[in-house]
Every structure is written in structure tokens, then in C-alpha cells.
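A.B. asks: The structure is given below, and queries will be raised subsequently.
The numbers here are math on the coordinates, done by the rules we state, and not lab data. Values in this document were obtained by computation on a predicted structure and should not be read as measured data. Cβ placement follows ideal geometry from the backbone for every residue including glycine, while neighbour counts extend to all protein chains displayed.
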Amino acid sequence: MYQWRRLGQEQRDELLSMRKHFRYPLHSPRHIDSGNRFYLLTAACYEHRSIIGATAARMAECEVDLLKVIRNGGCEIAAWCILPNHYHVLIRSKNVKDTLAQIGQFHGRTSFLWNGQDNTRGRKVWCNCVETVVKSESHYYATLNYVHHNAVRHGYATKWQDWPFCSATQWLEEIGTETALETWRDYPIRNYGKEWDPPEI
């Protein structure tokens, strides 16, 4: 299983440099309505195998390509976290069905590519991408916390900003640690799971 902490500093610097110019602006929610809403998109590798995380380069490419697909589809990207066996992306979409169709095509392309690289033709790579509608401002910020805390929750990092394939570092730079801690306290993620630990930020 891929672990960021196992990479040397030179490898980390190379990956971060490759990703730097693909940073997307993060936004607070405007109006949450039926025509243009925020959704949490979640997809996992089949049987939760670490197919995304086979290599660090694949992790980085998956992040860049997935965000590009979503952004080119006209969506606003609010937060994301790519892990070795699943991902979460918080988006604002006018037509989530179209967004899911575009992600389905992305899944098809990456399945073909990765199975070729791994010499595993016919392997099932992805489960379906599912969407959860964001119902309120408090739900939005709890979801934001959930996405940014995901790498810590699953043991890939001890701090939000230690995981590179995530929007947490950028968000912390934009709002500051104090505001991030206030948001964590004010919008807990208890509804997303049990026995969550507070983030180290």
C-alpha cells in the first residue's frame, strides 16, 4: 500500500512540483438550491484494493486528471482527497448526472490504462461513483472537514497538510489555522463516522 511518508524528500519535491500549477481555487458556499448544488462525490476501487496507490506517480496523475475532468465539466471544486483506494470530491454542479457520466468515462479510461500498466487485463478497477447532496451550510462545512480529515482518518498522515493529494494545505493557506480550527469545532463530522480524532493542523 502506498505511503507518502516512505518517499524521500527528492521524490516528494518532484511530485509537489508536478502538482503545483494544477491548484484550483477553493470557495465558500453561495446559495444551496435545487438547480446548482454542492455534492460530495465518492468512488472506491473494487474491493478497496489500493489500485490508485500502486505508485506515487499514479496517485498524482489520478488527482490531476480527475480534477480536470470535473472542472472541464463546468463544476466548481470545493475540496478533494485522493487516497490509494478511494477518493472524495466536494463539488458544485448544475447537472450532477452529467458530472457522474463524465466521471464514469474517466473511470473507464483509467481502468484500461492501469490494467495495461499492471498487466491485469479484465480486472475490475472501480465501483460506481456515488453522490451525496449537501443540504445546508452546516452540512457543507462538516463535509469539507470530512474530506480534509480523510487521510488522517485512514492512517496515511498525522496532519492534514502532510497528505499531498488533497486540498487541505491550500485551504489552510487561504483561511489560516485559527479559522480552520474554529470550523472543525463548529461543524463536527460525527455524522460521517464514529470516534473521530481532531485534526492536527
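A.B. asks: Pairs, please: C-beta under 9 Å, at least 6 apart or cross-chain, first residue basic (Lys, Arg) and in region 124-146, second assigned to a loop (DSSP other than H, G, I, E, B)?
C.D. replies: Lys135/Ile32
A.B. asks: Inside region 80-107, can you point out the residues that are in contact with a His (Cβ under 8 Å, 6 or more places away or on another chain) and under 15 Å from Asp65 (Cα atoms)?
C.D. replies: Residues satisfying the conditions are Trp80, Cys81, Leu83, His86.
A.B. asks: Collect the residues in region 59-76 that are buried (at least 20 other Cβ atoms within 10 Å of the Cβ) and β-branched (Val, Ile, Thr), keeping them in residue-number order.
C.D. replies: Correct list: Ile70 only.
A.B. asks: Still on this structure: Could you say whether any residue in region 79-90 is outside any loop (DSSP other than H, G, I, E, B), surrounded by fewer than 17 Cβ atoms within 10 Å (Cβ to Cβ) and without any contact (Cβ under 8 Å) to a residue 60 or more places away in the chain? It would help to see each step written out before you state the result.
C.D. replies: Initial filter on region 79-90 (outside any loop (DSSP other than H, G, I, E, B)): 79-82, 86-90.
Subsequent filtering for residues that are surrounded by fewer than 17 Cβ atoms within 10 Å (Cβ to Cβ) retains none.
For region 79-90, residues outside any loop (DSSP other than H, G, I, E, B), surrounded by fewer than 17 Cβ atoms within 10 Å (Cβ to Cβ) and without any contact (Cβ under 8 Å) to a residue 60 or more places away in the chain: absent.
A.B. asks: For region 96-108, does any single residue satisfy the condition of being assigned to a helix (DSSP H, G or I), among the polar types (S, T, N, Q) and surrounded by fewer than 19 Cβ atoms within 10 Å (Cβ to Cβ)? First the steps, then the outcome.
C.D. replies: We begin by selecting, within region 96-108, every residue assigned to a helix (DSSP H, G or I); these are 96-108.
The next check asks that each one be among the polar types (S, T, N, Q); those that pass are 99, 102, 105.
Add one more test, that the residue is surrounded by fewer than 19 Cβ atoms within 10 Å (Cβ to Cβ), and what stays is 102, 105.
Yes, there is a match, as at least one residue in region 96-108 is assigned to a helix (DSSP H, G or I), among the polar types (S, T, N, Q) and surrounded by fewer than 19 Cβ atoms within 10 Å (Cβ to Cβ).
So that you can scan it fast, the table gives a plain yes or no per residue for (1) surrounded by fewer than 18 Cβ atoms within 10 Å (Cβ to Cβ); (2) in contact with a strand residue (DSSP E or B) (Cβ under 6 Å, 6 or more places away or on another chain); (3) outside any helix (DSSP H, G or I):
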residue: His139; (1), (2), (3): no, no, no
residue: His149; (1), (2), (3): no, no, no
residue: Gly155; (1), (2), (3): yes, no, yes
residue: Pro164; (1), (2), (3): no, no, yes
residue: Trp171; (1), (2), (3): no, no, no
residue: Glu174; (1), (2), (3): yes, no, no
residue: Leu181; (1), (2), (3): yes, no, no
residue: Pro188; (1), (2), (3): yes, no, yes
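A.B. asks: Within region 45-78, which residues are among the small types (Gly, Ala, Ser), closer than 22 Å to Thr143 by Cβ and either within 11 Å of the chain's Cα centre (by Cα) or assigned to a helix (DSSP H, G or I) (or both)? Step through it out loud before you land on a result.
C.D. replies: Kept after step one, since they are among the small types (Gly, Ala, Ser), are these residues of region 45-78: 50, 53-54, 56-57, 60, 73-74, 78.
Within this subset, residues satisfying the condition of being closer than 22 Å to Thr143 by Cβ are 73-74, 78.
Hit for region 45-78 is Ala78, nothing else.
A.B. asks: Could you grab me the full set of residues in region 58-98 that are farther than 23 Å from Leu172 by Cβ and among the acidic types (Asp, Glu)?
C.D. replies: The answer is Glu61, Asp65, Asp98.
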